[in-house]
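Participant: This is the structure I have questions about; it appears just below.
Laboratory data are not the source of any read-out in this text; all were calculated from the coordinates shown. Just so it is clear, the structure is predicted and the values come from calculations on it, not from any experiment. Backbone-built Cβ (ideal geometry, glycine too); neighbour counts: all protein chains shown.
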Amino acid sequence: MTFDIDLKILNNSGLRKILIVGVVHGDEPQGEYFINEYLSLKRTGLKNSLYFIPRLNKNTTRTNFNGVDLNRNFPTKNWIKSDKDEYFGGACPASEPETKFLVKLLDKTAFDAILTIHAPYKIINYDGPAEALASHVSKILGYRVESDIGYPTPGSFGTYCGVERNIPTITVEIDENKAPVDLLERFVELFDYFGFKY
């Protein structure tokens, strides 16, 4: 078991800083594939800085190795101590090393936008001042925009970044029934948008 988290930065002197996070839930591995394939393209000349975390959660189930749903573990105003099931938010806010890593990164880096990649709802969810950005992401990926995921998410990354820190935050929920390779072209276009045009 290791908690080393890989952070790759393309163009660390860009005009804007965008954080892109894959595999918050260990059973949603597609984001790691999209990010690593994009990194293999070795893009140069980016206008912005892209901060990639290919895989936040090294476990292969929804929760991390401690049985905590990382997307319920952030120190938000709405964090609650919940039952120890697959949505367990931890013994206390930011109890997990993965969460602490992101909180520390956010404390030292002023991000202009954040994107996380989840599955399986085929929607673009957003938090904070991100409605226009969500609409643009929707045009690239072909998923509809939903401002509400449809169920409570206390302690979520979106609430922590978007609602409480006012950073435009996008959660992409991909179609888990499609092979990641079939979605790759659109994600390359999306990452290029953040790198060159946003």
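Participant: Given (1) surrounded by fewer than 15 Cβ atoms within 10 Å (Cβ to Cβ); (2) more than 16 Å from the chain's Cα centre (by Cα), where does Thr109 come up short, assuming only one miss?
Facilitator: It fails just one condition, (2).
Participant: Give me the pairs, please: first residue somewhere in the range 169-195 and more than 20 Å from Val145 (Cβ to Cβ), second residue anywhere and in a helix (DSSP H, G or I) and not basic (Lys, Arg), beta-carbon distance under 6 Å, and either six or more positions apart or on two chains.
Facilitator: Filtered contacts from the range 169-195: Pro180/Gln30; Pro180/Tyr33; Leu184/Glu37; Val188/Tyr38.
Participant: In the range 143-176, how many are in a loop (DSSP other than H, G, I, E, B) and either within 13 Å of the chain's Cα centre (by Cα) or within 15 Å of Ile117 (Cα to Cα) (or both)?
Facilitator: Number of matching residues: 8.
Participant: Hey, another quick one. Out of all the residues in the range 107-132, which are among the hydrophobic types (A, V, I, L, M, F, W, C) and in contact with a Leu (Cβ under 9 Å, 6 or more places away or on another chain)?
Facilitator: Phe111, Ala113, Ile114, Leu115, Ile124
Participant: If you scan the range 28-46, which residues turn out to be over 30 Å from Glu86 (Cα atoms) and buried (at least 20 other Cβ atoms within 10 Å of the Cβ)?
Facilitator: Tyr38
Participant: Can you tell me which of Leu184, Leu102 is within 20 Å of Phe52 (Cβ to Cβ) and crowded, with 21+ Cβ neighbours inside 10 Å?
Facilitator: Of the residues listed, the single one that is within 20 Å of Phe52 (Cβ to Cβ) and crowded, with 21+ Cβ neighbours inside 10 Å is Leu102.
Participant: Got at least one residue in the range 71-93 being more than 24 Å from Pro168 (Cα to Cα) and surrounded by 19 or more Cβ atoms within 10 Å (Cβ to Cβ)?
Facilitator: Within the range 71-93, one or more residues are more than 24 Å from Pro168 (Cα to Cα) and surrounded by 19 or more Cβ atoms within 10 Å (Cβ to Cβ).
Participant: Right, next: Which of (1) over 24 Å from Glu96 (Cα atoms); (2) within 15 Å of the chain's Cα centre (by Cα) is the odd one out, the single condition Arg186 does not satisfy?
Facilitator: (2)
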